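Worksheet: one structure, shown below.
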Amino acid sequence: LFSTAPNPETAAARAGCVRAVKRCQVRCQTELRVGFSDTDAAGITHYARYLAFFEAGRVEALRDVGLAEAESRPQRPGLRLVEAHLRYRTPTRFDDQLCVQTWVAELRQKDVRFAYEIRRQPDDAIAASGETWHIFVDVGSTRGVPPPAWLWSGLARLQDGS
Amino acid sequence: VTRSTTLVRVRLADTDARGCVGDSRFLEMFEIARADAVRNRGLPYTTILARDVHALTVEANVSYLEPAREDDLLHVHCWISELSQVRFTFAYEVRLASDQALSATGTTTHICLNGQGQPMRIPSWLRTEFEHLRLS
């Protein structure tokens with residue numbers, strides 16, 4: 001469904017994302033294609049699907065900072081979603097190639113705010129942008145706990161402008 | 001003026017590996033609720049479309065509170081919170097039917113497009129119905 005290019009040099013090689021990569025070196029770039037089941041009777045991508053696209057971008061960003069290997073670590077951190085904001089700009093259609101840019105907009109001891117920009121390829125039009133706000137928890141729990149140092153420093157690397 | 005209320009039963013397909021309703025499912029419940037709200041005003045969305053008026057979502061916000069789980073019955077309350085010449089905003093509250101705990105709240109903002117896909121003012125016949133759904 002999607003491939004990812006967290007390395008800025010690789011991403012910069014792709015014409016579509018160059019402008020964004022130049023502006024900010026720390027955005028994780030995830031490519032995905034709009035599936036037929038993502039569309040509705042209006043012929044465009046259903047508005048709820050963009051939250052799943054954000055998730056795809058976030059999961060790839062978290063893989064990049066090592067969350068995928070966290071299964072083997074003593075503390076299994078999780079990110080509980082508490083708020084989501086989505087702004088829809090340009091409708092997208094079946095088979096459109098999208099690039100989800102994901103970065104950390106704000107990082108604190110108890111919570112993290114991810115920001116997203118979804119750009120349609122190859123014209124680079126912004127399809128949607130938004131933010132999700134998460135509280136650090138242990139997997140299987142809803143109570144907030146401070147994240148382990150490796151996760152916090154990994155997320156800090158994804159911080160915009162850092 | 002009263003809020004429109006829709007009952008939604010959480011299905012297995014709504015849940016994720018945590019056992020809770022998935023993040024994006026609330027946006028679908030919001031859609032069910034606002035479709036019900038205008039349908040109950042005598043304007044099913046198909047009728048609005050037949051008059052060559054399309055609604056496009058331009059913004060959505062969700063706050064996640066108490067998780068909902070499979071087989072939970074949910075009350076989705078919905079009303080119009082903002083109404084201008086060109087934009088309208090629906091507000092939502094999702095509550096667990098068992099104890100009325102808030103599971104999620106949110107808003108969605110929309111504009112109207114004509115048959116050519118161009119933005120247009122909200123037509124007066126639609127505005128009238130929206131006024132009936134308006135709570136500030």
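The values are calculated or read from the model by the stated rules, or taken from the named source; none is laboratory data. All values derive from a computational prediction rather than experimental measurement. Don't worry about glycine lacking a Cβ; one is built from the backbone with ideal geometry, like all the others, and counts go over all protein chains shown. Heads up: the accessible areas ignore ligands, DNA and RNA and are worked out on the full protein's heavy atoms, side chains in. Shrake-Rupley method; radii C 1.70, N 1.55, O 1.52, S 1.80 Å.
The set of residues from the stretch A:107-122 being in a strand (DSSP E or B) and touching a residue at least 24 places away in the same chain (Cβ under 8 Å) comprises A:107, A:111, A:112, A:114, A:115, A:116, A:117, A:118, A:119, A:120, A:121. When you look at residue A:42, is it within 13 Å of chain B (Cβ to nearest Cβ) and farther than 17 Å from residue B:23 by Cα, yes or no? The answer is yes for residue A:42. A count restricted to the stretch A:123-162 and to residues that are basic (Lys, Arg) and in contact (Cβ under 8 Å) with a residue 60 or more places away in the chain stands at 1.
Between A:55, A:83, the distinction of being open to solvent by 30 Å² or more (accessible area, probe 1.4 Å), in a strand (DSSP E or B) and closer than 30 Å to residue B:111 by Cα belongs to A:83 only. For the stretch B:93-105, the criterion of a residue being open to solvent by less than 40 Å² (accessible area, probe 1.4 Å), in contact with a His (Cβ under 7 Å, 6 or more places away or on another chain) and closer than 22 Å to residue B:19 by Cβ is satisfied by at least one position. Being within 29 Å of residue A:128 (Cα to Cα), free of Cβ contacts under 8 Å to residues at least 12 places away in the same chain and either aromatic (Phe, Trp, Tyr) or open to solvent by less than 30 Å² (accessible area, probe 1.4 Å) (or both) is not true of residue B:64.
In this structure, is residue A:102 among the β-branched types (Val, Ile, Thr), closer than 20 Å to residue A:31 by Cβ, open to solvent by less than 10 Å² (accessible area, probe 1.4 Å) and within 14 Å of another protein chain (Cβ to nearest Cβ)? The answer is no for residue A:102. Only one of the numbered conditions (1) open to solvent by 30 Å² or more (accessible area, probe 1.4 Å); (2) away from chain A (no Cβ under 13 Å); (3) more than 18 Å from residue B:124 (Cα to Cα); (4) β-branched (Val, Ile, Thr) is not met by residue B:32, and that is (2).
Of all the listed residues (B:5, B:46, B:15), the sole one being free of Cβ contacts under 8 Å to residues at least 40 places away in the same chain and over 24 Å from residue A:127 (Cβ atoms) is B:46.
Just one of the listed residues (B:47, B:15) is away from chain A (no Cβ under 14 Å), closer than 20 Å to residue A:51 by Cβ and open to solvent by less than 70 Å² (accessible area, probe 1.4 Å), namely B:15.
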